[in-house]
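Colleague: Structure in C-alpha cells, see below.
The values are calculated or read from the model by the stated rules, or taken from the named source; none is laboratory data. Predicted model only: the values in this text are computed from it and were never measured. When we count neighbours, we look across all protein chains shown, and the Cβ atoms used for this are built from the backbone with ideal geometry, even at glycine. Note: accessible area is taken over every heavy atom of the protein model, side chains too, but ligands, DNA and RNA are not part of it. Shrake-Rupley method; radii C 1.70, N 1.55, O 1.52, S 1.80 Å.
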Amino acid sequence: QVQLVESGGGVVQPGGSLRLSCVASGRIISSYVMAWYRQAPGKQRELVASITIGTRTDYTDSVKGRFTISRDNAKNTVYLQMNSLEPEDTAVYYCNSRLGPWEYWGQGTQVTVSS
C-alpha cells in the first residue's frame, strides 16, 4: 500500500504561482510512475503531468511551458510547480502513483485561480 498526501493548494490570482507537494508513505516510490491529475467541477478527471522512474516527463498541452513536475526520491515526494496560473486551472489536484497493476490516489488539494 502507498499512502499519498497532497498539500500546497490554495487561492491565487491569475498569473500567480503555486507549488503542490505529494508525500508518499508505505512504500518507496522510486520505482513508481508518478503523476498529477485534476478535476474541475462538472468535468472528468484529466492527466496533467507525469514523471517516470527515469525522470522523463509528459504534460497535457494546456500546461506545457507553465507547469513542471519533479520528484525527490530521497524524500519520497513529488512536486508540481505551477506558474502563470489561469482561471481554467481551477480544479482539485490529485497525486497518483502507479507500478504495474497497482495504482494509488491521494485525497486531492483544491487550487482556485480567481481575481
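Colleague: Taking segment 92-112, which residues are farther than 24 Å from Gly16 by Cβ, among the hydrophobic types (A, V, I, L, M, F, W, C) and surrounded by 14 or more Cβ atoms within 10 Å (Cβ to Cβ)? Steps first, answer last, please.
Modeller: Here is the first cut: in segment 92-112, the residues farther than 24 Å from Gly16 by Cβ are 96-105.
Narrowing further to those that are among the hydrophobic types (A, V, I, L, M, F, W, C): 99, 102, 105.
Selection gives Leu99, Trp105.
Colleague: Residue under question is Arg71, and the condition is that it be surrounded by fewer than 20 Cβ atoms within 10 Å (Cβ to Cβ), in contact (Cβ under 8 Å) with a residue 12 or more places away in the chain and basic (Lys, Arg); does it hold? I'd like the intermediate steps shown before the answer.
Modeller: Numbers: surrounded by fewer than 20 Cβ atoms within 10 Å (Cβ to Cβ): no; in contact (Cβ under 8 Å) with a residue 12 or more places away in the chain: yes; basic (Lys, Arg): yes.
It is false that Arg71 is surrounded by fewer than 20 Cβ atoms within 10 Å (Cβ to Cβ), in contact (Cβ under 8 Å) with a residue 12 or more places away in the chain and basic (Lys, Arg).
Colleague: Being farther than 16 Å from Leu85 by Cβ and among the hydroxyl-bearing types (Ser, Thr, Tyr) is the filter here, so list the residues in segment 41-62 that pass it.
Modeller: Ser50, Thr52, Thr55, Thr57, listed by residue number.
Colleague: Out of the residues in segment 78-91 that are farther than 18 Å from Ser115 by Cα and in contact (Cβ under 8 Å) with a residue 60 or more places away in the chain, which is least open to solvent (accessible area, probe 1.4 Å)? Break it down stepwise before answering.
Modeller: Here is the first cut: in segment 78-91, the ones farther than 18 Å from Ser115 by Cα are 78-81.
Filter again for in contact (Cβ under 8 Å) with a residue 60 or more places away in the chain, leaving 79-81.
Details: Tyr79: 32, Leu80: 0, Gln81: 61 Å².
Once the filter is applied, the top-ranked residue is Leu80.
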